[in-house]
Structures are given as C-alpha cells and as structure tokens.
Amino acid sequence: MTDAVLARVYHQSDLELLAKEASIPIVNGLSDDYHPVQILADYLTIQEHYGHLKGLTISWIGDGNNVLHSIMLSAAKFGMNVHIATPKIIMEMADILSVVNEVIITSGTKLLMTNDPLEAARGANVLVTDTWVSMGQEEEKKKRLQDFKGYQITMQTAKLAAPNWTFLHCLPRKPEEVDDEVFYSPKSLVFQEAENRKWTIMGVMVSLLTDYSPQMPRPTF
C-alpha cells in the first residue's frame, strides 16, 4: 500500500529483514548501527558552505555511535579526512574499520583515532558531535556524563581547528556537548543542517521513485 518506507529502528537486522521481504525501497532513517540520511544532509551542508568536500577534515568529538559509523564509511569516498576522539575506541568498530581502511588506502585520505578531543580538533575544518546519552541509554546517563568529561566543544577546542572551521550537530543538542558560544556562533551550521535533512529525504525519495536526474552541478569531490 506504499511506494517506499523510511524506517527508524533499533536493530540494523530489522532493516535488513524489511529490505529482504519488501518489494519496495527501504530507506534507513536510523538504526543503532548507521544514520546515512543524516550524513547525506551533513555533506550537503558542508558542500553548500565550502563549495567542495575533497580535502576537508571532519573532526568527530563524542560517542562512537551510528552517526560516526556512517561518517567513517563515507567520508573517504568523498576525499575527506576524519579525526575521531571518543573516551575509548569502541571495540565494535572493528568490522567497520576493516572496510574503512580499504577505502582510505584507495582514496589517499587520513583517519586519526584518539582519546584526546584537542588532538582530534587540530587542523579540522568541521567539528561535529552528537548526544552523549542516546535513546535507551537514560539509565547510564550519570556514568556517561562522567566518561565524556572534557569532551564539550568550546571556543578553546575551536582554537586548534582550521581558521575556516564550522560546527555541526544533528540535534537535539545538550549544553554539556557544546557550549552556547559555539552553538549559536556564526560558525555553527546546525540550523541549515537541520533544514537540509528535509531536502535530503525528499531527494532520496525522488531518486528512488523516479527517473529524475539532477540539473544542478554535482558536488565537487
């Protein structure tokens, strides 16, 4: 009774089962493992701001979550370097890293993984973070806030970034993740990023359901 489904689920396996059994396109709106539509919206925002993607460095400072996984799997394909700072290098990333390393070798980009937020911010064009306490993790909040002590993105963090740095957050944002000075600064692209989710989802649906070809120039890789 529908032409496509955009599903937001917990388990990635639920999406894979939907895709296996359905005769229509199944789009990953979010799973515990990946958040691809969000990352497409982020790349659209970055492309609009800088005019290109290739050669930029994205610095992720925060949790090793689904948004990070999607960045890791896609950034190198667009010629972008990735710096990652998490309180601990999540062991569950092992499978992702095996794929990422192959792409990095062929693209000539760089991947930095560290526990030091300032090291990850150094020279970055785009500073990115996300919630530290995701849906279903409320009982862990106190411990997680302690684990992420020192990870708040501030102007002190940004001082180590490239002069043309910008800030992204997929929202909703909490002050412990990024302070007001950064979040509401001219360097913050969060509201443009939020609007671009709408256009990205519409673009995905159009590309899946029609023979439409974009008339605008493609992103500069």
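The values are calculated or read from the model by the stated rules, or taken from the named source; none is laboratory data. This structure is a prediction, so every number in the text was calculated from the model and none was measured. All Cβ positions, glycine included, derive from the backbone under ideal geometry; neighbour counts span all protein chains shown. With ligands, DNA and RNA removed, areas are computed over all heavy atoms of the protein, side chains included. Shrake-Rupley method; radii C 1.70, N 1.55, O 1.52, S 1.80 Å.
Evaluation of Asp33 against the conditions (1) over 22 Å from Glu177 (Cα atoms); (2) in a loop (DSSP other than H, G, I, E, B); (3) open to solvent by 40 Å² or more (accessible area, probe 1.4 Å) shows that the sole unmet condition is (1).
Among the residues of the range 105-117, those identified as among the β-branched types (Val, Ile, Thr) and open to solvent by less than 30 Å² (accessible area, probe 1.4 Å) are Thr109, Thr114.
Picking from residues in the range 45-57 that are closer than 20 Å to Thr109 by Cα and out of contact with any Pro (no Cβ under 7 Å at 6 or more places or on another chain), the one that is most open to solvent (accessible area, probe 1.4 Å) is Lys54. Scanning the range 73-93 for residues that are in a helix (DSSP H, G or I), open to solvent by 10 Å² or more (accessible area, probe 1.4 Å) and closer than 17 Å to Asp33 by Cβ yields Leu73, Ser74, Met91, Glu92.
In the range 46-72, the residue that is farthest from the chain's Cα centre (by Cα) out of those that are part of a strand (DSSP E or B) and farther than 20 Å from Pro172 by Cβ is Thr57. May I ask you to list the residues in the range 1-28 that are open to solvent by less than 60 Å² (accessible area, probe 1.4 Å) and in contact (Cβ under 8 Å) with a residue 60 or more places away in the chain? Correct list: Ala4, Pro25, Val27.
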